[in-house]
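Reviewing the structure listed below.
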Amino acid sequence: MNLVIVESPNKIKAISKILGNDYTVLATAGHIRLIKPEFAYKTGIDIQHDFKISFEFDPSKNEFIKKIKTAAKTAKDIYVCSDGDREGESIADEVRSLLSDQSSKLHRAIFNEITAKAVTHAIQNPIPFDENMIKAAETRQILDRLIGFRTTPVVRYIGCESAGRVQSALLQLICKKEREIQEFIPTTYYDISINFKKSRSEYTAKLNSINGKHVDKITDKDQADKIVNDCNSGKYSVSDITNKQKEIQPKLPMTSAALQQIASNVLGFSPSKTMTCAQHLFEGAFITYHRTDAVRFSDDFIKVAKDKIEKEFGKKYYRGLVIPKEINDNAQNGHESIRPVDLENTPDKVSQLVDGPESKLYRLIYNHALASFFIPAKVNVTTVYIKNGDYVFTLSGKTIIEESFLKFYNNDTEEVNLPEFKNGEELKNVNINSEEKQTQPPSRYSEAGLVKLMKDTGIGRPSTYASAIETLKKREYIEVVKKAVHVTSKGMKLDEAISKYFMSVINTQYTADMENDLDKISLGKEQKLDKLNEFWKDFEPVVVNAMSRIKEDKPAPVVYEGATCPNCGKPLYVKESKYGKFICCSGYPKCKFTASIGENGEMVINEKKEAEDTGIVCPRCKKGHIVKRVAKASGKIFYGCNKFPRCKFTMSEAKFIETYSDKKENEK
């Protein structure tokens, strides 16, 4: 019996079916290793000894670990088949560490799609563990750990929870946009257009030029009034009609960033929802690996796509992939672009097998991949020029003359049909309008816009786009209102602190350079230790200086007048959290007294209730019990381990009821 180890339990069934009875397939369920909270600053990084990481196996993964170790003892060969990106290689290294006593039987195998051909080829052709990729993954862990653990104590002085390498750089860009919006000064302009009826339909033409010079905006009211008066005393006639053919190129093969952007624009999905659905489709053997920057397809898929297009649409529609030379297809990425595993799995077939959101996303991926091989679509753009004295107005129409891929994949091309116009034709019953308007501030980013921003600036990679955005939302540094990303006051406060104290080491360029260095380490072009020493030499003095400065800059506490701490007698302070103002003891952390502030400014002492023991053993540490608690600030009920802070297991009230209600009923 051979053992195959994958990341996700959801892959086990499909891979087992492919490999048959000679293979046992088990999963790690993601990472199986944690970093111990030891060494300087509890980072788990031994800075003095070449930044060695202190690992321990995750107690919450004991069930998976035990199964793997047991199966490994009797296995003939062991194939570690975690994903082929940086995270996947890191997980492979964790499995290698777990099974260090079985090293002679360990093999690395990677497949980017769950098909019989891909899986069997990977098993039959194992490869070495990618030591450079593992070093790059460890470097990222170390950087994130040191930056997070060293900057967080500083930003907590101003009431923020944490800062980070990628999310703080992204927050800077969002805050920059927010300041542009806040500082924007609108100006008045006049939108001048004419309306008329022709062939029983109404049309609007915009002012285009005056005396042959193109007009953008009319900002002077007197000029706007003059235009209206001049046109009212003149006649409108068609002075020219132009027709231009334009090509609409098919989209490039889909990357992770493109997937998240298109799914947001077309389906309204958030990046996290898109990647969750894509993960399920990948595990279900419907699509190839979905965390990729690659802009390419395999030769096998290109052949199958060519045959399908020529058979179902006609030979004239197949052009093949056209990839611009300027596209940087990062060589460290061994994946293809995102595509369906099998073109015979049409969207209609798959819709019978998966949930609604996944079905919609699959249709998008399927049609996008197929469309990328098509000849360009063609449209005819008609522009009608309507003259009145020195003023020319334009009206545009668009008709599709070659549908090509627009037959099945058209997200943004609509026809605008115009009636027949003739040169010199005089138009009757024309009304001219001058509408006063205000220039608008720059638009806020959407979540899809943030993904594009991260890709364009180089501060993220496919595996971090969605998680960085989710972290900012979870920490309440940003919020999404009607698909627009708004910065909260807490987010602005954090960005101001980052800019003031950490600007030299947390900024867009520095973060982008780090990402490039990680790529180079994964390719063996840079050395892990060199880059870490270089980073620490720059970073640690900045942190030490920041801690000193922020203590000096911190305003004097506001004393709550009229009372002292009922527990220790010391003065009371008024402080502010994300939930509002509250009273606390000046003797904190020795004295942890807190109280609310009533409507009239009076102190309201909150009675502490003992946590209610449910009698259920904690599923993480297996030692404590799950107890019912009430969050101090929000008042919401949640459940957690009574061994806190040693065990940090928590779950929401809804999840607790869903998980344990049947069990409790059975016990009755």
How big is the dipole moment of the stretch 113-220 about its Cα centre under a simple scheme where the beta carbon of each Lys and Arg is +1, that of each Asp and Glu is -1, and everything else is neutral? Debye, nearest 20, please. 300
Put a dot 7 Å past each Cα toward the Cβ at VAL416 and SER489; how far apart are the dots in nm? 4.4
Could you pull the accessible area for MET503 with a 1.4 Å probe, rounded to 10 Å²? 90
Dipole of the chain, positive direction: furthest Cα of PRO571, GLY624, SER404, with charges on the beta-carbon: GLY624
So if each residue of separation counts as 0.36 nm, and I subtract the Cα-Cα distance between ASP46 and ILE127, what length gain in nm does that give? 26.0 nm
Rounded to the nearest whole number, the Stokes-Einstein translational diffusion coefficient of the stretch 480-582 at 4 °C and 1.567 mPa s (Kirkwood radius, C-alpha pairs) in µm²/s is 72
Carbon plus sulfur, as percent of the 1.4 Å-probe accessible area of the stretch 193-341, comes to 45
Over the chain, relative contact order from alpha-carbon pairs under 8 Å, at least 6 apart, %: 14
Relative contact order in percent for the stretch 1-130 (Cα pairs under 8 Å, 6+ apart) equals 26
Which residues in the stretch 187-217 place their backbone N less than 16 Å from a point set 7 Å from the Cα of GLN223 along the Cα-to-Cβ direction? 187-193, 207-217
Calculate the length of the line joining the C-alpha centroid of the stretch 437-454 to that of the stretch 135-176, in whole Å. 24
Protection-proxy order for peptides 396-405, 436-445, 510-519, each taking the mean of Cβ atoms within 10 Å per residue, highest first: 510-519, 396-405, 436-445
With the charge dipole of the stretch 198-329 built from beta-carbon charges (+1 for Lys and Arg, -1 for Asp and Glu) about the Cα centre, the Cα from ALA257, ALA305, ILE327 projecting farthest to the positive end belongs to ALA305
If the cut-off is 17 Å between C-alpha atoms, which lysines fall inside it for LYS303, apart from same-chain ones fewer than 8 positions away? LYS117, LYS311, LYS315, LYS316
Set of lysines near LYS531 by C-alpha distance (under 21 Å), chain-local residues within fewer than 8 positions excluded: LYS52, LYS135, LYS520
So, for the chain, what is the accessible surface per residue at a probe of 1.4 Å, expressed in square angstrom? 53
Averaging over all projection directions, find the projected area of the Cα convex hull of the stretch 367-427 and quote it in nm² with one decimal place. 5.4
Kirkwood hydrodynamic radius of the chain from all distinct Cα pairs, in Å? 30.1
Quick check on packing: order 135-143, 173-181 by the mean number of other C-beta atoms within 10 Å, highest mean leading. 135-143, 173-181
For Cα pairs less than 8 Å apart in space and 6+ apart in sequence, what is the mean separation divided by the residue count of the stretch 444-490, i.e. the relative contact order in percent? 40
May I ask you to compute the full-extension gain from ALA116 to VAL604, defined as 0.36 nm times their residue separation minus their alpha-carbon distance, rounded to one decimal in nm? 169.0 nm
Determine the share of the stretch 41-142's accessible area contributed by carbon and sulfur atoms, expressed in whole percent, with a 1.4 angstrom probe. 49
If unit charges are put on Cβ atoms (+1 for Lys and Arg, -1 for Asp and Glu) and the dipole of the stretch 364-505 is taken about its Cα centre, the option from VAL485, THR394, ALA371 lying farthest towards the positive end turns out to be VAL485
Kindly state, to the nearest 0.05, the FRET efficiency for MET547 paired with TYR588, given R0 = 25 Å and r defined as their beta-carbon distance. 0.85
Note the angle between two axes, namely the Cα long axis of helix 62-74 and the longest principal axis of the Cα atoms of the chain, as a number of degrees from 0 to 90, rounded to the nearest 10. 80
Protection-proxy order for peptides 144-152, 39-47, each taking the mean of Cβ atoms within 10 Å per residue, highest first: 144-152, 39-47
Once you sort the root eigenvalues of the Cα gyration tensor of the stretch 275-370 as a ≥ b ≥ c, which label holds: rounded (a/c under 1.5), prolate (a/b larger than b/c) or oblate (the other case)? oblate
Explain nothing, just the number: dipole magnitude of the chain about its Cα centre with +1 on each Lys and Arg Cβ and -1 on each Asp and Glu Cβ, in debye rounded to the nearest 20. 1420
Please compare each pair in LYS455/LYS483; LYS217/LYS387; LYS197/LYS407; LYS176/LYS213 to a cut-off of 24 Å on the Cα-Cα distance and tell me which ones are over it. LYS197/LYS407; LYS176/LYS213
Theoretical ellipticity at 222 nm over the chain - DSSP helices of four or more residues, -39500 (n - 2.57) apiece, nearest 500: -12000 deg cm²/dmol
Efficiency of FRET from Cβ geometry, ASP355 and LEU529, R₀ 45 Å, rounded to 0.05: 0.45
Using the Cα centre as the reference, give the magnitude of the dipole from point charges on the C-beta atoms of the stretch 229-345 (Lys, Arg: +1; Asp, Glu: -1; all else neutral), rounded to the nearest 20 debye. 320
Residue-by-residue Karplus 3J(HN,Hα) for the stretch 384-390, coefficients 6.51, -1.76, 1.60, Hz, glycine and proline x: 9, 9, 10, 10, 9, x, 7
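The values are calculated or read from the model by the stated rules, or taken from the named source; none is laboratory data. This is a predicted model, so every value here is computed, not measured. Heads up, the Cβs are rebuilt from the backbone with ideal geometry, glycines too, and the neighbour counts pull from every protein chain shown. Please note that ligands, DNA and RNA were not included when accessible areas were found on the heavy atoms of the full protein model with its side chains. Shrake-Rupley method; radii C 1.70, N 1.55, O 1.52, S 1.80 Å.
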